[in-house]
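Here's the structure, in structure tokens; my notes come after.
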Amino acid sequence: MDKLWAGRFAKELDSRANDFNSSIRVDSRMVRQDIKGSIAHATMLGATGILPQAEVDMIVEGLQGILADIDNGSLPIDMTAEDVHMFVENELTRRLGDTGKRLHTARSRNDQVAVDVRLYLRDEADEIKELLKNLILVLADLADENKTVIAPGYTHLQRAQPIAFGHHLAAYAMMFVRDYERVVDAVRRMNVSPLGSCALAGTGYPTDRRMEAALLGFDGITLNSMDGVSDRDFCVELANACALIMTHLSRFSEEVILWASWEFKFIELDDAFSTGSSIMPQKKNPDIAELVRGKSGRVYGNLMALLTMLKGLPLAYNKDMQEDKELIFDSIDTVKDCLAVFAPMLATMRVLPDNMRKAAANGFINATECADYLTRKGLPFRTAYKITGQIVAYCIANAKTLETLSMPEYKEFCDQFEDDIYASVDMQHCIDIRVSEGCAGTSSVEQQVAFLKDYFAE
Ligand code: ARG
């Protein structure tokens, strides 16, 4: 294909340089956004009298025809084109002749690509939001179903205190709510139009940038033409939101993998979301969760690569910036894939409350309640803490638990112990007694579920 910039050159581009330079393989997915941006640009050129309306009408119709032909499959993307912008413009000129060549008046590929990427990421962000919302609502339902299931809560992966299992699930839902807000926030800054910045310095044509912005659904325009074509901070911000989504998915995956192991057996993943081994007939592997955990690496890598790509660039446009798309596209593709499979994996897993309860019964996770019991009887907390520690050591040495220790044994350690200690260290009681807002008890989980459901109810 002839280069649109061929005028100044005496030679054709070397085929190796051409392949290396081309971005069509990556940016062809923005073809709809490119055409949409061009239609807005042409419309503005007509409205301002920069181009005659009759020619603008031909251009707009031509662009709509290209879009229709792409959508109905009759126009394949020319993979030898330099990039998606060249492809669309070449095709328009092939169809309209000289009129097609007028579209690029008062425009550059530099502002064009900055617009296309924003339009594309804006739509993708909506999809990520939808997937996050779905995951959060799945978690809200699961938290509700498991609000009375007693599980051990951990610190340092050591059994720590009893919690309602629904509370553990709701914790992740809260993280995904913040992820949702980060995506909303990234789009808020992304959604301004750089169109009309042209190559770097704007133009002498009396363009109407705000009209173009309004036609494309932007909230405003960039106020500095060099900034408009030079920064990709909006890619970094979305890549960062993606990286944090992966952090949360990856931690959750790690727990799903642990919970599904024979050592824990707190959950059983559905057969439809597990895989087998080619040699060990008994195996049922949590591959989905492992892959999600594994894919977090590339999403972090994309964020780092974007930052590094930008950090040394002088203003304004540099070809380095063509790298932005491969990176941010990989992040959004990966996050979308992960969210899409993670939600149904959770929704179909079987929770095994008896095993959680059994795990909760071992490990003295009610010891804090024992110390609180003595504190309520008037002992300073530190003293109560020490006595309880001695009791736990005694129990371990004598294969007893706080529930099975006899009253005379309790009295050996402190004469303040009465029969009501047994009610205090009862696992159910340990959860029911929690009252602080946001705590691990059942009524707190109910409040959290209400918050999560309200969040998306308009
Ligand atoms: N394919 C280019 C990119 O993605 C489009 C902008 C090219 N501009 C230029 N002056 N070479 O960055």
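The values are calculated or read from the model by the stated rules, or taken from the named source; none is laboratory data. Please read all numbers here as calculations on a predicted model, not as lab measurements. For neighbour counting, all protein chains shown are included, and Cβ atoms are generated from backbone atoms with ideal geometry for every residue, glycine included.
So, in the stretch 352-377, exactly how many residues are of a type outside the set (D, E, K, R) and closer than 27 Å to residue 270 by Cβ? Can you show your working first?
Going through the stretch 352-377, the residues of a type outside the set (D, E, K, R) turn out to be 352-353, 355-356, 359-368, 370-371, 373-375.
Filter once more, keeping what is closer than 27 Å to residue 270 by Cβ: 352-353, 355-356, 359-360.
Counting residues in the stretch 352-377 that are of a type outside the set (D, E, K, R) and closer than 27 Å to residue 270 by Cβ gives 6.
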For residues that are polar (S, T, N, Q) and assigned to a helix (DSSP H, G or I), scanning just the stretch 333-367, find the one that is surrounded by the fewest Cβ atoms within 10 Å (Cβ to Cβ). 348
Anything in the stretch 438-458 that is closer than 21 Å to residue 132 by Cβ and surrounded by 17 or more Cβ atoms within 10 Å (Cβ to Cβ)? List them, or say none. 445, 448, 449, 452
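Yes/no matrix, rows are residues, columns are (1) in a helix (DSSP H, G or I); (2) aliphatic (A, V, I, L, M); (3) within 16 Å of the ligand (Cβ to nearest atom):
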position	(1), (2), (3)
61	yes, no, no
66	yes, yes, no
70	yes, yes, no
86	yes, yes, yes
110	yes, no, yes
Quick one: residue 283 ticks every box in (1) charged (D, E, K, R); (2) assigned to a loop (DSSP other than H, G, I, E, B); (3) surrounded by 19 or more Cβ atoms within 10 Å (Cβ to Cβ) bar one, so which box is it? (3)
How many residues are of a type outside the set (S, T, N, Q) and touching a residue at least 24 places away in the same chain (Cβ under 8 Å) when one looks only at the stretch 440-458? 9
Just give me the residues in the stretch 137-181 being farther than 24 Å from residue 364 by Cα and in contact with an Asp or Glu (Cβ under 8 Å, 6 or more places away or on another chain), in sequence order. 144
Listed residues 114, 160, 170; which is in contact with a Ser or Thr (Cβ under 9 Å, 6 or more places away or on another chain) and assigned to a strand (DSSP E or B)? 160
For residue 384, state whether it is more than 21 Å from residue 154 (Cα to Cα), crowded, with 20+ Cβ neighbours inside 10 Å and small (Gly, Ala, Ser). yes
Output the residues belonging to the stretch 323-371 that are closer than 17 Å to residue 431 by Cα and charged (D, E, K, R). 354, 357, 358, 369
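Determine which member of the set 233, 219, 227 is at pLDDT 95 or above and within 30 Å of residue 172 (Cα to Cα).
Values: 219 fails: within 30 Å of residue 172 (Cα to Cα); 227 fails: within 30 Å of residue 172 (Cα to Cα).
After ruling out the rest, the residue left standing is 233.
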For the stretch 309-332, give me each residue that is closer than 24 Å to residue 248 by Cβ and either within 16 Å of the ligand (Cβ to nearest atom) or surrounded by fewer than 21 Cβ atoms within 10 Å (Cβ to Cβ) (or both). 327, 328, 329, 330
Taking the stretch 232-273 on its own, how many of its residues are in a loop (DSSP other than H, G, I, E, B), touching a residue at least 60 places away in the same chain (Cβ under 8 Å) and either closer than 19 Å to residue 111 by Cβ or acidic (Asp, Glu) (or both)? 2
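Report whether or not residue 27 is surrounded by fewer than 18 Cβ atoms within 10 Å (Cβ to Cβ) and not basic (Lys, Arg).
Judged against the criteria, residue 27 is not a match.
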So residue 144 passes all but one of these: (1) within 20 Å of residue 65 (Cα to Cα); (2) more than 12 Å from the ligand (Cβ to nearest atom); (3) not hydroxyl-bearing (Ser, Thr, Tyr). Which condition number does it fail? (1)
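Does residue 60 count as more than 39 Å from the chain's Cα centre (by Cα), modelled with pLDDT of 95 or more and not hydroxyl-bearing (Ser, Thr, Tyr)?
Here the answer is no, as residue 60 does not meet what is asked.
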For the stretch 273-331, give me each residue that is closer than 20 Å to residue 246 by Cβ and in contact with a Gly (Cβ under 8 Å, 6 or more places away or on another chain). none
Unmet requirement for residue 435, which otherwise passes all of (1) touching a helix residue (DSSP H, G or I) at 6+ places or on another chain (Cβ under 7 Å); (2) modelled with pLDDT under 90: (1)
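Could you check the stretch 112-140 and list, in sequence order, the residues that are of a type outside the set (D, E, K, R), under 21 Å from residue 239 (Cβ atoms) and away from the ligand (no atom under 16 Å from the Cβ)?
At the first step, the residues of the stretch 112-140 found to be of a type outside the set (D, E, K, R) are 112-115, 117, 119-121, 125, 128, 131-132, 134-140.
With under 21 Å from residue 239 (Cβ atoms) added as a condition, the list becomes 113-115, 117, 119-121, 125, 128, 131-132, 135.
Correct list: 125, 128, 131, 132, 135.
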Report whether or not residue 129 is in contact with a helix residue (DSSP H, G or I) (Cβ under 6 Å, 6 or more places away or on another chain), within 25 Å of residue 12 (Cα to Cα) and among the charged types (D, E, K, R). no
How many residues of the stretch 99-149 are under 19 Å from residue 320 (Cβ atoms) and in contact with a Lys or Arg (Cβ under 7 Å, 6 or more places away or on another chain)? The answer is 1
Please verify whether the stretch 3-18 includes one or more residues that are under 36 Å from the mean Cα position of the chain (by Cα) and either modelled with pLDDT of 95 or more or acidic (Asp, Glu) (or both). no
Do any residues in the stretch 327-343 that are under 12 Å from residue 26 (Cβ atoms) have Cβ atoms under 6 Å from those of residues that are hydrophobic (A, V, I, L, M, F, W, C) and modelled with pLDDT of 95 or more, where the two are at least six apart or on different chains, and which pairs are they? 327/305; 327/306; 328/235; 328/239
